[in-house]
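To start, the structure itself, in structure tokens.
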Amino acid sequence: MTISKTISKIMDVEFGANLPAFEPDTSLEIVKTFATLIGWDGARFRDHEAARKEGLAGAMVPGVLSQGYLVAMIHQWAPMAEIKAIDTVFRAPVIADEPHSITGVVTDINEDEGLVEIDLTVANEKGETRVFGTASVSLPA
Amino acid sequence: MDADIDELREKYLNQPFDEKTFYMDPAVTIEYARLCGETAGRFLDRDHPDFQTPPTYIASLSGRRSLPIDFPRFGIGMDAGKGVECLNPVRPGSTLTGRTHLHDIYTKTGRSGRMVFVVSRLEFFDENGLHLANSDSRSVIREK
């Protein structure tokens, strides 16, 4: 079940619903700009060839940018959602310039406390999970 | 729990070992939100009445140290994940104080041996001492 409408209240959330598909911009240009912004100077975030020399498949997306993509997806689905907590596991590198998809599934709804739990995944084109995690978000009643 | 890990927990958990201030530059937090693909106005528009930093922005900030200076080196540490807990909105233009302590130390044993996980927590407070958020960095150390 995939929800395409924007969510504004917790009563609109359905258990087991898939959040709308979100394709993050993992272009090397975005990754380099982001790495510069946060002061991460490593060549692995800027240059495919340099990253390969470090044993990676190519320049990698910083883990905090992947985390940012996940939160952006939640806000695209529910603009009023307040992130209470998010926990992410960096299972394998997200490689820049490769298409990735982000998915989210509602796994719990607590209407009394106004909280929704969402399982999150970043996967590459082969369907391999690169990052996974969980977010707890609050929504208006 | 292994005896050596118990000792480490006893000695290091919840003992602050670093403090640093961070200025929340609005231009930086807006750009951060844009690059992540944020669409919500409260992260992108400095004139929004609820203008705030993206929730995970604090995860990109680091203290001067991530481990106590005398913490034993088991092997090579790798980034195993990050967690953020948001208690109150972080306002661009403000200056935060970040204090770091070790929040957890535990092990997992796999086919290649024991791995030690260390969770370093950076707590953020505003100018009035209000606790705004926590940023957890989880590193995994595969023993030599």
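Read-outs throughout are calculated quantities, based only on the coordinates presented, and are distinct from any laboratory measurement. Computed from a predicted model, the values in this text were never measured in an experiment. So basically every Cβ, Gly included, is an ideal-geometry build from the backbone, and we count neighbours across all protein chains shown.
Computed over chain A, the quotient of the alpha carbon radius of gyration and 2.2 N^0.38 Å is 1.12.
Remark: relative contact order (chain B) = 29 percent; criterion is Cα-Cα distance under 8 angstrom and separation of 6 or more residues. Summary of packing: across the peptides A:109-117, B:7-15, the per-residue average of other C-beta atoms within 10 Å ranks them, highest first, as A:109-117, B:7-15.
So for the protein assembly as shown, considering every pair of alpha-carbon atoms, how many percent are separated by more than 29 Å? Every Cα pair in the protein assembly as shown considered, those over 29 Å come to 35 percent. In the structure shown, the pairs A:Lys5/A:Lys84; B:Lys11/B:Lys108; A:Lys9/A:Lys32; A:Lys5/B:Lys82; A:Lys32/A:Lys53; A:Lys9/A:Lys84 are assessed against 25 Å; a Cα-Cα span above that value is assigned to A:Lys9/A:Lys32; A:Lys5/B:Lys82. Counting neighbouring beta carbons within 10 Å and listing from fewest to most, the residues A:Lys126, B:Lys108, A:Lys84, B:Lys20 come out as A:Lys126, B:Lys108, B:Lys20, A:Lys84. Distance between the C-alpha centres of the stretch B:56-82 and the stretch A:68-133: 23 Å, rounded to the whole angstrom. Helix B:3-12 and the longest principal axis of the Cα set of chain B meet at an angle near 40°. Based on alpha-carbon atoms, the Kirkwood radius and the radius of gyration of the stretch A:62-141 give Rg/Rh equal to 1.00.
In terms of surrounding Cβ atoms within a 10 Å radius of their Cβ, B:Arg111, B:Arg138 rank from fewest to most as B:Arg111, B:Arg138. Peptide B:24-36 shows a mean partner chain C-beta count of 4 within 10 Å per residue C-beta.
Going from the fewest other Cβ atoms within 10 Å to the most, the residues B:Met24, A:Met11 appear in the order A:Met11, B:Met24.
In chain B, the DSSP-assigned H stretches of four residues or longer account for a calculated mean residue ellipticity at 222 nm of -4500 deg cm²/dmol, using -39500 (n - 2.57) per stretch and the full residue count as denominator. For peptide B:56-64, the mean count of partner chain Cβ atoms within 10 Å of a residue's Cβ comes to 5. Angle of helix B:26-36 to the longest C-alpha principal axis of chain B, folded into 0 to 90 degrees and rounded to 10: 70°.
For the peptides A:58-66, A:41-49, the ranking by mean Cβ contacts within 10 Å, running from highest to lowest, is A:58-66, A:41-49. So what's the angle, to the nearest 10 degrees on a 0 to 90 scale, between helix A:63-77 and the longest Cα principal axis of chain A? The angle comes out at about 30 degrees.
Counting only other chain Cβ atoms within 10 Å of each residue's Cβ, the peptide A:60-67 averages 5.
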